[in-house]
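Visitor: Mind having a look at this structure? Questions to follow.
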Amino acid sequence: MSSVSSRFDLVIFDCDGVLVDSESLACVVHADVLTQFGYPITADQVHERFLGRSAREARLEVETELGRVLPDDYTATLKATIDEVFGAKLQPIPHIAETLAILSRPVCVASSGTPTRIRSSLTTTGLLDRFDPHLFSALQVERGKPQPDLFLFAAAQMNAAPERCVVIEDSIPGVTAGIAAGMTVFGYHGGGHCSPATAAALTAAGAHLVFDDMRQLPALVARGALAGEPVDLA
């Protein structure tokens, strides 16, 4: 019988809300820009509808509801505003740098963000060197989260079998995608955008376990931890 310590060969991280504490900032910007372009929406509504999904898919959904294409400068305005806000305010998820420093498994990023956004966010927060060049975006696959394509693509690029991958996710679409890919999923609910209900929502979506402190992750990964196992932060 093999040791549970060898359960995982690869740790796949989402970016926004898992590596960088960006979701609250992004939801406010996204809501403001959509409202500016004729689609009134609040940051809370953006969070509920689009968290974990690509900007491409969110735009298509909005345009379908509007019955028209958003103006040509919408994407450029959204990008420029996010660049400005993230440059001034973006922070890494608490304890993620120290966690990455001691995590013994290979790692990569699989995010709904664009390649440019992923790289920029990780550069701003000082995390890029730990992942570069293993940065994978929803733009590289036909279907983004909640479909499994992105996680399967990342695993293939990293030469890892899906069943030996663990995904770290903070959103329901991300958890759904990881489960559909045949991977183990740990739901993280320690980001600034998370509420007291987030843990239960991630569990209901299929996460094998949930946690809210990145200092827990190395032990969870090393043990091949499954739902219900106690976590010792000592």
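Visitor: Looking at the structure I just gave you, is Val141 under 23 Å from Ala58 (Cα atoms), at pLDDT 95 or above and out of contact with any Gly (no Cβ under 8 Å at 6 or more places or on another chain)?
Guide: Yes.
Visitor: Could you tell me whether Pro106 is more than 20 Å from Val167 (Cβ to Cβ) and either surrounded by fewer than 19 Cβ atoms within 10 Å (Cβ to Cβ) or at pLDDT 90 or above (or both)?
Guide: For Pro106, the condition - more than 20 Å from Val167 (Cβ to Cβ) and either surrounded by fewer than 19 Cβ atoms within 10 Å (Cβ to Cβ) or at pLDDT 90 or above (or both) - is not met.
Visitor: Sort out which residues of segment 158-173 are touching a residue at least 60 places away in the same chain (Cβ under 8 Å) and either under 12 Å from Leu51 (Cα atoms) or not in a strand (DSSP E or B) (or both), and write them in order of number.
Guide: Met158, Ala160, Ala161, Arg164, Glu169, Asp170, Ser171, Ile172, Pro173
Visitor: In segment 174-230, what count of residues is obtained for those that are among the hydrophobic types (A, V, I, L, M, F, W, C), more than 26 Å from Leu25 (Cα to Cα) and either modelled with pLDDT under 95 or part of a strand (DSSP E or B) (or both)?
Guide: Adding up the residues that qualify gives 8.
Visitor: Kindly indicate which of His189, His208, His134 is over 18 Å from Gly17 (Cα atoms) and surrounded by 19 or more Cβ atoms within 10 Å (Cβ to Cβ). It would help to see each step written out before you state the result.
Guide: On the way: His189 fails: over 18 Å from Gly17 (Cα atoms); His134 fails: surrounded by 19 or more Cβ atoms within 10 Å (Cβ to Cβ).
His208 is the lone residue from the list that is over 18 Å from Gly17 (Cα atoms) and surrounded by 19 or more Cβ atoms within 10 Å (Cβ to Cβ).
Visitor: For segment 109-131, give me each residue that is basic (Lys, Arg) and crowded, with 21+ Cβ neighbours inside 10 Å.
Guide: Scanning segment 109-131 gives a single hit, Arg117.
Visitor: All but one of (1) within 24 Å of Leu139 (Cβ to Cβ); (2) without any contact (Cβ under 8 Å) to a residue 60 or more places away in the chain; (3) not in a helix (DSSP H, G or I) hold for Val33; state the number of the condition that does not hold.
Guide: It fails just one condition, (3).
Visitor: Quick one: which helices (runs of 4 or more DSSP H) lie wholly within segment 67-147 and hold at least 2 residues that are without any contact (Cβ under 8 Å) to a residue 60 or more places away in the chain and farther than 29 Å from Pro40 by Cβ?
Guide: Fully inside segment 67-147 and qualifying: 96-102, 115-124, 128-131.
Visitor: Are any residues in segment 43-80 β-branched (Val, Ile, Thr) and more than 20 Å from Ser111 (Cα to Cα), and if so, which ones?
Guide: Listed by number, the residues that qualify are Val62, Thr64, Val69, Thr77.
The values are calculated or read from the model by the stated rules, or taken from the named source; none is laboratory data. Predicted, not measured: the structure shown is a model, and the values here were computed from it. So basically every Cβ, Gly included, is an ideal-geometry build from the backbone, and we count neighbours across all protein chains shown.
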